[in-house]
1. State whether one or more residues within region B:46-61 are open to solvent by less than 50 Å² (accessible area, probe 1.4 Å), touching a residue at least 40 places away in the same chain (Cβ under 8 Å) and more than 21 Å from the chain's Cα centre (by Cα).
2. Looking at (1) more than 29 Å from B:Gln20 (Cα to Cα); (2) facing another protein chain (nearest Cβ under 10 Å), find the lone condition where A:Leu216 falls short.
3. Scan region B:87-95 and give yes if some residue there is more than 22 Å from B:Lys8 (Cα to Cα) and not acidic (Asp, Glu), otherwise no.
4. So which of A:Asp311, A:Asp330, A:Asp322, A:Asp337 is open to solvent by 30 Å² or more (accessible area, probe 1.4 Å) and touching a Pro at 6+ places or on another chain (Cβ under 7 Å)?
5. Does region B:142-186 hold any residues that are β-branched (Val, Ile, Thr), within 8 Å of the ligand (Cβ to nearest atom) and either outside any helix (DSSP H, G or I) or over 26 Å from A:Cys245 (Cβ atoms) (or both), and which are they?
6. Residues that are over 30 Å from B:Asp220 (Cα atoms) and within 14 Å of chain A (Cβ to nearest Cβ): does region B:31-46 have at least one?
7. Within region A:1-18, can you find the residues that are of a type in the set (S, T, N, Q) and part of a loop (DSSP other than H, G, I, E, B)?
Amino acid sequence: MAETMTSRERVLRVFRREETDRPACFSGMGNVTTEGLSKLGYQFAKVHQDARMMAETAASTPKLFGYDCCILPFDLAVEAEALGAVMNTYPDSADILYPTIKEKVIHSPEEMETLHVPADLVERGRVPLMREAIGLARKELGETVPVGSYVLGPFTLAGQIMELNDLLKLSFKKPDKVSKLLEDLTCVIVAVAREYEKAGVDYLCVREMGATSDVLSPRAFKSLILPHLKNIFKALSVPSVIHICGKTNDIVPFMVESGATAISVDQKNDIVETRKKLGPEAIIFGNFDPYNVLVAGTPEQVRETIRKCLDSGVSAVWPGCDIWPTVPPDNFNAMMDEVRKYRR
Amino acid sequence: MASEERQKEILEKLKQAVIQYDEDQAKEAAQEALELEGLKANDAIFNGLVVGMQEVGRLFEAQEYFVPELLMCADALYAGLEILKPHVEELDLGVKGSVVIGTVEGDVHDIGKNIVKMMFDVAGFTVYDLGRDVPLDKFVEEQLRTDSDLLCLSAMMTTTMTGMQKVIDDIRKKNPKVKIMIGGAPVSKDVAQKYGADGYAADATNALADAIKMIGSLKDLKDEAEGKKK
Ligand code: B12
């Protein structure tokens with residue numbers, strides 16, 4: 001079947017629950033490929049701190065493969081940096097190493113209460129660079145491909161700026177104290193997200209993988225995390241997605257309750273069950289394994305997996321996490337070809 | 001015998017303190033254990049605290065407990081351990097091991113590593129925790145410095161996982177007798193074999209069980225070698 005819509009049209013229609021020419025295949029998490037990087041001649045470690053390089057790298061994936069989106073940034077440190085954390089990009093590494101936080105902001109449970117949120121937060125760290133990169137990506141892709149971005153969920157952000165072990169224990173022992181911190185961080189996240197909206201993103205994904213049921217109980221998710229997520233989604237105006245990887249079957253109703261336009265889960269979620277639980281109206285994105293299938297699998301395995309996602313009832317084909325850079329082009333092409341061919 | 005009853009009572013209290021993540025109760029029960037004649041510190045640890053931790057492991061697998069609960073149970077256990085350990089005549093599981101552990105360079109995922117580490121602490125190992133995002137050379141350096149029986153590497157990403165191979169190759173050259181164990185979500189038995197590691201475990205309990213076996217065989221080898229010399 002010939003494609004009759006642009007990627008952007010298709011994706012925006014998915015968020016409005018409208019029919020599309022074919023299933024959309026996109027994401028709200030990073031999609032750098034080594035293929036794109038080598039075509040551009042860029043080293044992965046360098047693309048995080050230069051708006052033009054970031055925009056070009058992000059745009060290379062839809063351009064090379066016809067993927068239905070362009071997503072930037074690629075790391076999880078933007079908000080933490082704006083709060084004063086220090087990032088390590090592993091500048092000397094030729095391998096693909098994802099940036100990490102090397103210097104946290106809160107060094108003891110006492111400092112949780114005195115977290116300083118700078119008044120000029122959105123002028124700090126890489127927030128200005130992100131605005132510029134989003135604008136450049138928009139320009140480069142015109143109206144054909146949607147440009148999306150992501151922010152962290154409050155709990156995951158808290159884990160970036162303080163010792164996660166402390167955060168986890170306190171979320172049980174002193175939930176009020178943690179909740180207060182999450183409230184502060186909610187303001188930070190909303191402020192950053194609003195900048196991205198102003199810069200022109202078509203949709204935003206909130207990544208709250210720190211609160212996966214592999215780590216935190218569904219009970220704690222509901223009482224401690226959900227209220228803050230609700231506040232975030234209330235404040236956003238573009239279509240939004242809540243993403244959580246790992247075990248999520250027990251929390252999908254809360255993810256919907258958060259107020260996000262769509263929910264995103266990974267391969268550990270049983271989509272058939274989730275669809276049954278949430279009904280036909282819910283917009284569910286997922287749920288293939290971006291490494292074991294897309295990178296390590298054969299093109300035939302990729303096709304099978306994509307069909308299985310669609311057969312189980314996802315609203316769009318979407319990876320369980322960042323697409324892993326070393327994805328073989330044949331596999332990427334097989335994925336796109338399969339969504340084009342798919343008949344429900 | 002009243003004292004036997006009392007022993008049981010204290011052991012149960014230690015066990016429950018761990019399960020209920022009650023640090024104060026763990027300390028109190030540990031004191032009581034020391035004061036009771038006939039109850040050895042060793043028994044208090046292994047038939048009290050450790051039994052509690054085993055139950056916690058079961059609750060974790062059954063998804064009744066999650067990571068925060070697990071960490072708090074560990075705190076209760078450490079609180080009891082701190083009081084009891086100085087009074088242990090000889091802490092012996094048949095082996096007494098030491099381990100260097102860390103998450104490899106480029107990888108900050110350390111929740112799983114911390115759980116594995118805790119199991120080694122519980123079992124009385126001497127643990128050298130290098131933390132997360134550990135430069136590959138550092139593993140080799142620290143293993144050689146401490147002469148640990150065991151080297152444990154954790155990686156949660158497929159790219160950082162390949163760093164393990166480098167560590168293994170390097171250390172094999174410098175210290176062929178150390179036992180190496182790897183783990184983390186992307187790691188499998190096959191990967192462990194391919195990289196030339198001695199062991200792999202899918203979770204913390206299995207990690208400990210395998211480690212004890214490996215060190216056991218290591219000690220047998222040593223004894224044998226020494227026996228021959230004599
Ligand atoms: C929490 C989390 C984070 C947190 C980590 C916080 C922390 N301090 O640990 C944060 C938000 C920082 C994070 C960041 C990233 N993450 Co992350 N994260 C996770 C998540 C949701 C949970 C991991 C976890 O803690 N599980 C719970 C513990 C208890 O299980 P475990 O680690 O497997 O450990 C057990 C066993 O493996 C074993 N074990 C572990 N170590 C060892 C060692 C030995 C010797 C042995 C024997 C056994 C053993 O025993 C443990 C106990 O039973 C997973 C997805 C998932 N649900 O698994 C993704 C995941 C690991 N992350 C992923 C990614 C891609 C990233 C980022 C690159 C994202 C980005 N764009 O930047 C960054 C990486 C930054 C970096 N360079 O490190 C991917 C990795 C993909 C891949 N195959 O490579 C995953 C799998 C998500 C996915 N679905 O694809 N992440």
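The values are calculated or read from the model by the stated rules, or taken from the named source; none is laboratory data. Keep in mind that this is a model prediction, so the values were computed, not measured. Note: ideal-geometry Cβ built from the backbone for every residue, glycine included; neighbour counts use all protein chains shown. Only protein heavy atoms, including side chains, enter the accessible area calculation; ligands, DNA and RNA are left aside. Shrake-Rupley method; radii C 1.70, N 1.55, O 1.52, S 1.80 Å.
1. The answer is no; no qualifying residue exists.
2. For A:Leu216, the failing item is (1).
3. So far as region B:87-95 goes, yes, one or more of its residues are more than 22 Å from B:Lys8 (Cα to Cα) and not acidic (Asp, Glu).
4. Testing whether each residue is open to solvent by 30 Å² or more (accessible area, probe 1.4 Å) and touching a Pro at 6+ places or on another chain (Cβ under 7 Å) leaves just A:Asp330.
5. Across region B:142-186, the qualifying residue is only B:Ile182.
6. No: zero hits.
7. Hits for region A:1-18 are A:Thr4, A:Thr6.
Yes or no, residue by residue, for (1) more than 15 Å from the ligand (Cβ to nearest atom); (2) free of Cβ contacts under 8 Å to residues at least 60 places away in the same chain; (3) in a helix (DSSP H, G or I):
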site	(1), (2), (3)
A:Leu157	no, no, yes
A:Leu168	no, yes, yes
A:Lys177	yes, no, yes
A:Cys187	yes, no, yes
A:Leu216	no, no, no
A:Ala220	no, yes, yes
A:Cys245	no, no, no
